[in-house]
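See below for the structure under consideration.
The values are calculated or read from the model by the stated rules, or taken from the named source; none is laboratory data. Remember, predicted model here, so these are calculated numbers, not experimental data. Positions of Cβ are generated from backbone atoms using ideal geometry, with glycine treated the same way; all protein chains shown enter the neighbour counts. Accessible surface is based on the protein model in full, side chains and every heavy atom, while ligands, DNA and RNA are left aside. Shrake-Rupley method; radii C 1.70, N 1.55, O 1.52, S 1.80 Å.
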Amino acid sequence: MSAAQPTVLVVEDEASQREVLSYNLEAEGFRVAMAENGEEALLLVAEETPDLVVLDWMLPNVSGIEVCRRLKSRSETRAIPVIMLSARTEEVDRVRGLETGADDYVVKPFSVVELMARVRAQLRRTRPATMGERLEYLDILLDAETHKVTRADAPLKLGPTEFRLLSTFMEKPGRVWSREQLLDRVWGRDIYVDTRTVDVHIGRLRKALCQHGGEDPLRTVRGAGYALG
Ligand code: CA
């Protein structure tokens, strides 16, 4: 699977539910990580830095609500969208679910089609490049569906790695990415690549972005990494 694909963490204690969820999420092209309980979920969030969490309400020991509350109270994990699953349908529970900071809420038994639509909706917001959206930064346009990039309407030639790098930068202009973060996001965390490789591809991306002229939009942040703008 492409390293740029979003990772979805499924937290559910029932094996049959986990299977249904992982099967369908993988069919959508996502990388799936799974946790059987709240403690494991919190560990995996730190290890896998998922792009979205599908979180069951009813879990042994640390409940889904508590997991959600913890994720939303930490700056490093606050931005990760959480979709809560619950068999409880009472309005008060629904409200409590949202008060914990959950981004969406699906009642069990759920329709897989509906849940996948909600997963995609959250990821279109947070990982637009992986969901085939068009991204824009100043005069640079990136179409994630057709893999075409233009600058001031002129098409740019980019290698696949440079394309994934640019997608990452354009999802969050201004954000400073460390070389390690770029390696995880662009090359994948299971592959060993020297951090100097990042510099090489940044160099190529800079060249590609300026192939028809224009200023270099990439910024080197000393001791920290790189940012767009
Ligand atoms: Ca459960």
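The single condition among (1) modelled with pLDDT under 95; (2) crowded, with 19+ Cβ neighbours inside 10 Å; (3) in a strand (DSSP E or B); (4) not basic (Lys, Arg) that Val106 does not satisfy is (2). Taken together, Glu171, Glu162 contain a single residue that is acidic (Asp, Glu) and farther than 30 Å from Lys72 by Cβ, which is Glu162. Mind checking whether some residue in segment 149-171 is hydroxyl-bearing (Ser, Thr, Tyr), open to solvent by 40 Å² or more (accessible area, probe 1.4 Å) and outside the structural domain of Thr49 (by TED's automatic domain parsing)? Scanning segment 149-171, I find no residue that is hydroxyl-bearing (Ser, Thr, Tyr), open to solvent by 40 Å² or more (accessible area, probe 1.4 Å) and outside the structural domain of Thr49 (by TED's automatic domain parsing), so the answer is no.
Pairing residues of segment 55-70 that are without any contact (Cβ under 8 Å) to a residue 12 or more places away in the chain with residues that are near the ligand (Cβ under 10 Å from one of its atoms) and part of a loop (DSSP other than H, G, I, E, B), at Cβ distances under 8 Å and at least 6 apart in sequence or on separate chains, gives no pairs at all.
Each residue in segment 163-189 was checked for being farther than 18 Å from Pro6 by Cα and not small (Gly, Ala, Ser), and 4 pass. Of the set (1) among the polar types (S, T, N, Q); (2) within 17 Å of Val10 (Cα to Cα); (3) open to solvent by less than 40 Å² (accessible area, probe 1.4 Å), all apply to Thr100 but (2). Tallying residues that are free of Cβ contacts under 8 Å to residues at least 12 places away in the same chain, farther than 30 Å from Val32 by Cβ and charged (D, E, K, R) within segment 190-218 yields 4.
Of the strands (runs of 3 or more DSSP E) lying entirely inside segment 139-229, those containing at least 2 residues that are over 19 Å from Thr126 (Cα atoms) span 148-151, 218-221, 225-228. For segment 62-83, residues that are modelled with pLDDT under 90 and touching a helix residue (DSSP H, G or I) at 6+ places or on another chain (Cβ under 6 Å) total 0. Scanning segment 201-215 for residues that are closer than 11 Å to Ala154 by Cα and open to solvent by 60 Å² or more (accessible area, probe 1.4 Å) yields Gln211, His212.
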